[in-house]
Amino acid sequence: MKFRTEIDIKSWQQPMGYDDSIMSLGSCFATNIASKLSERHFKVTTAPTGILFNPASIARSMDLMVSGCEVAPESLIMVNDRYVHFDFHSSVSGATVDEAVEVMNEALRRGARALQHADMLIVTLGTAWVYRHVDSGAVVANCHKVPARMFRRELLGLEECVALLEHIVALAPCRVLFTVSPVRHVGEGLEDNALSKSLLRVAVEMVCRHHAARVSYFPAYEILIDDLRDYRFYCEDMVHPTPQAIEYVAQKFFDAALSGEARGVMHRVEQIVAASRHRPTNPASEQHRTFCRRQLEAINSISGVDLSEERAIFEQMLQINL
C-alpha cells in the first residue's frame, strides 16, 4: 500500500560534478538549493543582486551584469535609513550613497564574473505577478515598502513570460536549469498564486522544448506540492518549506543532477564537514589527535574541492594540543 505520490525524476544525461561552476538566481528557494550545494563545497555563486521573484527582474538583473553598466547615485532611494534601488533586493543596500553604489556595483561585477564562467545557471521563478513603477514604467525587483500608489500591479502574459525566459537563456553561455518555486505567494491570494505558477510552468515547458539540448526543468514545485503536501513539511507560516523539506528536495536534485563520481565525493565531503563541526569532550586526548589526523588524510585524498576551512580547523586543533 502506498501513502505518497513520489515523483520519478530521470537522471541527467549531462550530470554535474565538482569541476562545474554554478550560478543561482531567483526566489528564496533558489538560495535554499544553492546553500545546500555550497554546504557540500560545490562552486556556487548565489543571487548577487539578492532575491528576485519574477522573470522580468531576473532578466533585468542579468542584463545589468552583462552590460557592465554601473548604478547611478541618483537612482537610489532612502528607506528606513538605508539607500536601496528598485533593481536590487533590500539586502543589497548601504547606509550612505557611496556605500550603496559600491555594494551594488560590486554585486553586478561578481554576477558578471560568475555568469561568464558558469557551467550551469539555476533560475528559480517565484511569480508572474509584477509591480510596475508608475513614473518610470519599469518593473521593479522590490518595492521596498514604499507607498503602493507608486506602483501598478500586473500579471505577465504567457507570451511575455516565454520572451523573458528566452532572453535569460540567450544571456547564459551555459546550461540552464529552470525551477518554479514551491513557495505560495499568499499575499496575491491563492487563486492568483495558482494562476501565476501555472503561467510560469507552461512558459518553462515551452522554452525547454525549444532548447532541449541546453535547457531543462527540475520539479521542485511538484515535489513539495504533490509529494510533500502534508503541512508538517511547512513552517509556521504554512507557506515556506521546513529545513527537512528543503533537504529532501535537495537530495532529489543531487540524485538526478550529479554524476556517480560526484555523489561519491559529496558523501566524503559531507563526512569531513560534519567532523569539523564536532566538539570533542577532551580536545587534548590522543584519541582526538588521531581523529584530526584521519580527517586531514581524508582531505588530502580529495582533489578539486576547496576544503581549506576544514583543513585549518583540524590543523589548529593539532597545534593547540602540541
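The values are calculated or read from the model by the stated rules, or taken from the named source; none is laboratory data. Remember, it's a predicted structure, so these values are computed and weren't measured experimentally. Here the Cβ positions follow ideal geometry from the backbone for every residue, glycine too, while neighbour counts run over all protein chains shown.
Out of V97, V130, V140, I need the residue that is modelled with pLDDT of 95 or more, farther than 30 Å from D20 by Cα and touching a Pro at 6+ places or on another chain (Cβ under 7 Å). Which one?
Result: V97 is the single residue among V97, V130, V140 that is modelled with pLDDT of 95 or more, farther than 30 Å from D20 by Cα and touching a Pro at 6+ places or on another chain (Cβ under 7 Å).
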Open item on the list: Being of a type outside the set (S, T, Y), modelled with pLDDT of 95 or more and within 23 Å of C28 (Cβ to Cβ): is that true of A256 here?
Closed with: no
TODO: Assess whether V146 counts as being in contact with a Cys (Cβ under 7 Å, 6 or more places away or on another chain) and either at positive phi or assigned to a loop (DSSP other than H, G, I, E, B) (or both).
DONE: no
TODO: Name the residue, out of F86, F53, F42, that is within 30 Å of I302 (Cβ to Cβ) and hydrophobic (A, V, I, L, M, F, W, C).
DONE: F42
Task: Residue under evaluation S67, criteria (1) without any contact (Cβ under 8 Å) to a residue 60 or more places away in the chain; (2) under 18 Å from C143 (Cα atoms); (3) not β-branched (V, I, T), criterion not met - done: (2)
TODO: Hey, can you tell me all the residues within the range 177-231 that are in a loop (DSSP other than H, G, I, E, B) and in contact (Cβ under 8 Å) with a residue 12 or more places away in the chain?
DONE: S181, P182, V183, R184, H185, H211, R214, F218, P219, L228
Task: Condition check for V265: among the hydrophobic types (A, V, I, L, M, F, W, C), more than 21 Å from the chain's Cα centre (by Cα), outside any loop (DSSP other than H, G, I, E, B) and over 26 Å from A138 (Cα atoms) - done: yes
Open item on the list: Which of the numbered conditions does S90 fail, given that it passes all the others? Conditions: (1) under 15 Å from M23 (Cβ atoms); (2) in contact (Cβ under 8 Å) with a residue 40 or more places away in the chain.
Closed with: (1)
TODO: Collect the residues in the range 303-322 that are over 21 Å from L37 (Cβ atoms) and either surrounded by fewer than 12 Cβ atoms within 10 Å (Cβ to Cβ) or assigned by TED's automatic domain parsing to the domain that holds E39 (or both), keeping them in residue-number order.
DONE: A312, Q316, Q319, I320, L322
Task: Members of the range 6-54 that are over 13 Å from the mean Cα position of the chain (by Cα) and either closer than 23 Å to F86 by Cα or charged (D, E, K, R) (or both) - done: E6, D8, K10, D19, D20, R40, N54
TODO: Could you please tell me which pairs satisfy a Cβ distance under 7 Å, a separation of 6+ or placement on different chains, a first residue in the range 1-21 that is within 25 Å of D227 (Cα to Cα), and a second residue that is assigned to a strand (DSSP E or B) and modelled with pLDDT of 90 or more?
DONE: P15/L258; M16/M120; M16/L258
- [ ] Please go through the range 111-169 and pick out each residue that is in contact with a helix residue (DSSP H, G or I) (Cβ under 6 Å, 6 or more places away or on another chain) and free of Cβ contacts under 8 Å to residues at least 12 places away in the same chain.
- [x] none
Task: Wholly within the range 21-129, strands (runs of 3 or more DSSP E) carrying at least 1 residues that are buried (at least 21 other Cβ atoms within 10 Å of the Cβ) and not small (G, A, S) - done: 21-26, 43-46, 82-84, 120-125
TODO: Filter the range 216-252 for residues that are hydroxyl-bearing (S, T, Y), surrounded by fewer than 17 Cβ atoms within 10 Å (Cβ to Cβ) and modelled with pLDDT of 90 or more and give the result.
DONE: T242
